[in-house]
Amino acid sequence: MWRVHVSTWFGAGCLRPAPGTWGSIAAALLALALVPLCPADTFRWIMLAAVLLVTALGVWCAPAAAAHYGVEDPSQVVIDEVAGTWLAIALLPASALAMPVFGIAVAFVLFRVFDIAKPWPIGWCEHLPGGWGIMADDIVAGVLAGLLAAALLG
């Protein structure tokens, strides 16, 4: 049952409406709290390490949540949104972290747009098996959102 709890990002995915947005908000707020605690380069590496950890956890835990909810990609599973949001934030230029609320908000909004619209190749990633299919589309959305945010804010 703990794998279901991790997959829902400790209940954020059970909030309504728009559980994916709630998961992304939780991720953005955690990142925002971390910004003043370390230099921008350290922040980036911490975020990238967190993305790797959360992605590995998601690939392992999300299938348990899918079985629990009886759906291939349940809306309650938001660990993928956490990974994607953190990746978009990690790709922000250091200058964007001088005004962290604005920079993180831009990364957050762009990530949600890409995650919801699912342009190619994001939508294709959902066809991957198991936890990879749940996680990969949000990782790609995070890369695209992060690159666009970096171009806009750099």
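The values are calculated or read from the model by the stated rules, or taken from the named source; none is laboratory data. All figures in this text were calculated on a predicted structure; none of them were measured in a lab. No Cβ is skipped: glycine too gets one built from the backbone with ideal geometry, and neighbour counts run over all protein chains shown.
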Open item on the list: Which condition from (1) surrounded by fewer than 22 Cβ atoms within 10 Å (Cβ to Cβ); (2) farther than 19 Å from Gly146 by Cβ; (3) in contact with a helix residue (DSSP H, G or I) (Cβ under 8 Å, 6 or more places away or on another chain); (4) among the β-branched types (Val, Ile, Thr) is the one that Ile46 breaks?
Closed with: (2)
- [ ] Check Val59 against each of (1) of a type in the set (A, V, I, L, M, F, W, C); (2) surrounded by 21 or more Cβ atoms within 10 Å (Cβ to Cβ); (3) assigned to a helix (DSSP H, G or I) and name the one condition it does not meet.
- [x] (2)
TODO: Residue by residue through segment 117-139, note down the ones that are touching a residue at least 40 places away in the same chain (Cβ under 8 Å) and not small (Gly, Ala, Ser).
DONE: Glu126, Trp132, Ile134, Met135, Asp137, Asp138, Ile139
Task: Residue that is over 11 Å from the mean Cα position of the chain (by Cα) and closer than 16 Å to Ala83 by Cα, where the choices are Ile139, Ile116 - done: Ile116
Task: From the options Ala151, Ala105, residue that is at pLDDT 95 or above, more than 11 Å from the chain's Cα centre (by Cα), small (Gly, Ala, Ser) and closer than 17 Å to Leu29 by Cβ - done: Ala105
- [ ] Just one of (1) outside any loop (DSSP other than H, G, I, E, B); (2) in contact (Cβ under 8 Å) with a residue 60 or more places away in the chain; (3) of a type in the set (Val, Ile, Thr) trips up Val109, so point out which.
- [x] (2)
- [ ] Pairs only if they're at least six apart or on different chains, beta carbon under 8 angstrom, first in segment 3-24 and assigned to a helix (DSSP H, G or I), second small (Gly, Ala, Ser) and surrounded by fewer than 18 Cβ atoms within 10 Å (Cβ to Cβ); list them, first residue then second.
- [x] His5/Gly11; Gly13/Ser75; Pro19/Ser75; Gly20/Ser75
Task: Which listed residue, of Ile79, Ile89, Ile134, Ile122, is surrounded by 24 or more Cβ atoms within 10 Å (Cβ to Cβ) and modelled with pLDDT under 95 - done: Ile134
Open item on the list: Just the residues that are of a type outside the set (D, E, K, R) and in a loop (DSSP other than H, G, I, E, B), please, taken from segment 62-83.
Closed with: Gly70, Val71, Pro74, Ser75, Gln76, Val77, Val78
Task: Criterion: in contact with a Ser or Thr (Cβ under 9 Å, 6 or more places away or on another chain) and over 17 Å from Pro19 (Cα atoms) - qualifying residue of Gly133, Gly123, Gly154 - done: Gly154
